[in-house]
Amino acid sequence: MTLEARRSGYDEATYARLAQDTASIMARYPQKRSALLPMLHLVQAQDGYVSRDGIAFCAEQLDITAAEVSAVATFYTQYKRHPNGTYTVGVCTNTLCAIMGGDEIFDELSEHLGVGHDETTDDGAITLERVECNAACDYAPVVMVNWEFFDNQTPRSATQLADRLQAGEAVAPTRGAASVCTFKQMSRVLAGFSDGRADEGVGAGEPTLAGLRLAREHDWTAPAGTAAGQADEQADGPDTDAGAAATQGASAVGQEQSSAERKTTTPADATGDAPDASKGKQP
């Protein structure tokens, strides 16, 4: 066994596999320490949480300290510092979902499963979480299982879902993938390794598309002067002044753009002075 493998705590085969995956992750970044976030998902895919062995492995691979790895791992809630269940059941209790019954769903699941927030059932099947916004307000209240959507839930439907997960039954999300993968499988996807399922299922349903449908029916467009309005004008005629300005003033989606390239729009932009709030000036 190599010295590196002994230090990490992984056996030789596991270490070699993780090191190979890590090399492909680090190749995505100009500085290898930027690979830490996906690497933490990678060790979760191996161990089911960010273990001491995983922390040592990340530190060794990136030439940073274990303390630096731990500082990141304890900052983000998707990184678990204790063994996670096979399924993370996250109940959105942010504003709209809470109004629509999210708190009742969480309370019912907590009592039904006998666990609280970020706690795991005795059988290791489910880790229950309160989560903030799942970006699915049009389907509130929403429950997610390993980040797959289960829309328009009720306390009864959520407990039935939990029972099926504990029984080992396959469950199908409302949208997206055709089935729910395990926490470890999901962690590997978050590390950047495709499972080939990105195009499964329905991505956007009728509530999500309703606004777009109405806009097209009534020929609505964004007001001139906004980024969306410029995009509309550019789409209607690339030779217009607004279209040319949009083309010259903004980089294409996914391309780098320096803030120095942004055109000045206020006196403060040009001078660097902060607005004088006492005189009612707006930025």
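The values are calculated or read from the model by the stated rules, or taken from the named source; none is laboratory data. Since we're looking at a predicted model, the values are computed, not measured. Cβ placement follows ideal geometry from the backbone for every residue including glycine, while neighbour counts extend to all protein chains displayed.
Side notes on the structure shown:
- Taking the criterion of being basic (Lys, Arg) and surrounded by 12 or more Cβ atoms within 10 Å (Cβ to Cβ), the only residue of the range 193-216 that qualifies is 197.
- Sole exception among (1) in a loop (DSSP other than H, G, I, E, B); (2) touching a residue at least 40 places away in the same chain (Cβ under 8 Å); (3) not basic (Lys, Arg) for residue 96, by number: (1)
- Residue 157 meets each of the listed conditions (1) without any contact (Cβ under 8 Å) to a residue 24 or more places away in the chain; (2) crowded, with 18+ Cβ neighbours inside 10 Å; (3) of a type in the set (Ser, Thr, Tyr) apart from (2).
- Screening the range 20-55 for residues that are small (Gly, Ala, Ser) and closer than 19 Å to residue 184 by Cβ and picking the one that is surrounded by the fewest Cβ atoms within 10 Å (Cβ to Cβ) gives 24.
- Search result, residues across the range 119-142 that are at pLDDT 95 or above and surrounded by fewer than 16 Cβ atoms within 10 Å (Cβ to Cβ): 119, 122, 123, 124
- Residue check for residue 143: touching a helix residue (DSSP H, G or I) at 6+ places or on another chain (Cβ under 8 Å) and either closer than 30 Å to residue 46 by Cβ or of a type in the set (Gly, Ala, Ser) (or both): yes
- Filter result for the condition that a residue is over 29 Å from residue 152 (Cα atoms) and either in contact (Cβ under 8 Å) with a residue 12 or more places away in the chain or not in a helix (DSSP H, G or I) (or both), over 77, 22: 22
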